1. Mind checking which pairs have a first residue in the range 208-232 that is among the polar types (S, T, N, Q) and a second that is outside any loop (DSSP other than H, G, I, E, B) and surrounded by fewer than 16 Cβ atoms within 10 Å (Cβ to Cβ), Cβ under 8 Å, 6 or more apart or different chains?
2. Being in contact with a strand residue (DSSP E or B) (Cβ under 9 Å, 6 or more places away or on another chain), farther than 21 Å from Phe235 by Cβ and either of a type in the set (Lys, Arg) or surrounded by 24 or more Cβ atoms within 10 Å (Cβ to Cβ) (or both) is the filter here, so list the residues in the range 136-169 that pass it.
3. Going through the range 66-85 one residue at a time, which ones are surrounded by 15 or more Cβ atoms within 10 Å (Cβ to Cβ) and out of contact with any His (no Cβ under 8 Å at 6 or more places or on another chain)?
4. Between a residue in the range 188-200 that is at negative phi and outside any strand (DSSP E or B) and any residue that is surrounded by fewer than 22 Cβ atoms within 10 Å (Cβ to Cβ) and β-branched (Val, Ile, Thr), which pairs come within a Cβ distance under 6 Å, given they are 6 or more apart or on different chains?
5. Residues of the range 76-122 being basic (Lys, Arg) and within 26 Å of Glu138 (Cβ to Cβ), which ones?
6. Condition (residue is under 25 Å from Glu265 (Cα atoms), at pLDDT 95 or above and open to solvent by 20 Å² or more (accessible area, probe 1.4 Å)) applied to the range 104-120: is it met by at least one residue?
7. Restricting to the range 136-152, name every residue that is closer than 15 Å to Val99 by Cα, touching an Asp or Glu at 6+ places or on another chain (Cβ under 7 Å) and not in a loop (DSSP other than H, G, I, E, B).
8. Phe204 fails exactly one of the following numbered conditions: (1) modelled with pLDDT of 95 or more; (2) not in a strand (DSSP E or B). What is the number of that condition?
Amino acid sequence: MPEGERRARVNQARRHFLGFAAAAAARVVAMGSLVGAALPSKSEAGGRAWWKLDHPGRGHGHGRGKNDPMCLLRGTAIRTPKGEVPIEELRIGDLVETVNGVALPIKWIGRHLYRRTAPTWSKDVAPIRIARHALNDESPRNDLYLSARHALLIDGMLVRAQDLVNGTSITRVQPTDWDRLEYFHIMLDSHQVLLAEGAPVESFLLETASYETFTNFAEFARLYPADRFAFMTPFAPYVGYGGREHLKALLHLAVGGPRTMSPLENACSRIAARGEKLLR
């Protein structure tokens, strides 16, 4: 590689690193510290050492606790055959469009309602903001707010929002001016990818009574007693970082050098580069 090109690549990588290394380091040291932002007023070589496929079961990709919302914030526009509809206005039986171009009926909608009882929101509850056009020239069409462990379909991989945080176009937010946060999650007959604000986000992945994490879990048990212990097949493989692995990847990205980036690193690098352009 010519020296000039090599230097340009390293400088670009360093700019990417400076843009979101602080967020990644905070996640390593403080298990996901929040960076300040405001919600709008609307209601394989070198890479395989640090990236991994996450099984969606307990302990990995979708391992979740009672306080893990895993959903989309109230007001998020979901694409349907009739147009964009706020997620809170959807009902069981309504059709929603998927990335496969097929409209499917909603089987159930899980809900979470959180009330703030401290000066700041818990990191497990506060949303991540994906800025307008952070992913590409068309999506999301508006700022998208979702929980940290909710996955998006990126380059054929399901990647959690928390693994896309870059400090510019994708950030953790702390909506201290809101006293309540309400999340919704759409379940279909199978695990699919929906369009939220035009961005590809996963539907609810049912795995052995995981519906019990929602406030209205009793409704699901009453409506679908035969599905109480059902287990869906993921739409695509889950790919993610561990905390230390994410920071190590960012350091490699900043230093540059002769190494092959993993698919996840390639995706994050591309999105981070877009984030820089959006700030200009």
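The values are calculated or read from the model by the stated rules, or taken from the named source; none is laboratory data. Keep in mind the model is a prediction, meaning the values are calculated, not measured. Glycine also receives a Cβ, built like all others from the backbone with ideal geometry; neighbour counts cover every protein chain displayed. Protein only, heavy atoms only, side chains kept; ligands, DNA and RNA dropped before computing areas. Shrake-Rupley method; radii C 1.70, N 1.55, O 1.52, S 1.80 Å.
1. Thr208/Phe231; Thr215/Leu113
2. Result: Arg141, Tyr145, Val165, Ser169.
3. The first filter runs over the range 66-85 and keeps only residues surrounded by 15 or more Cβ atoms within 10 Å (Cβ to Cβ), leaving 68-80, 84-85.
Once the filter is applied, which keeps residues that are surrounded by 15 or more Cβ atoms within 10 Å (Cβ to Cβ) and out of contact with any His (no Cβ under 8 Å at 6 or more places or on another chain), the range 66-85 yields Asp68, Leu73, Arg74, Gly75, Thr76, Ala77, Ile78, Arg79, Thr80, Glu84, Val85.
4. Listed by first residue and then by second, the contacts come to Gln192/Thr98.
5. Pass one, the range 76-122, residues basic (Lys, Arg): 79, 82, 91, 107, 111, 115-116.
Correct list: Arg79, Lys82.
6. no
7. Listed by number, the list holds a single entry, Ala151.
8. Checking Phe204 against (1) modelled with pLDDT of 95 or more; (2) not in a strand (DSSP E or B), the one that fails is (1).
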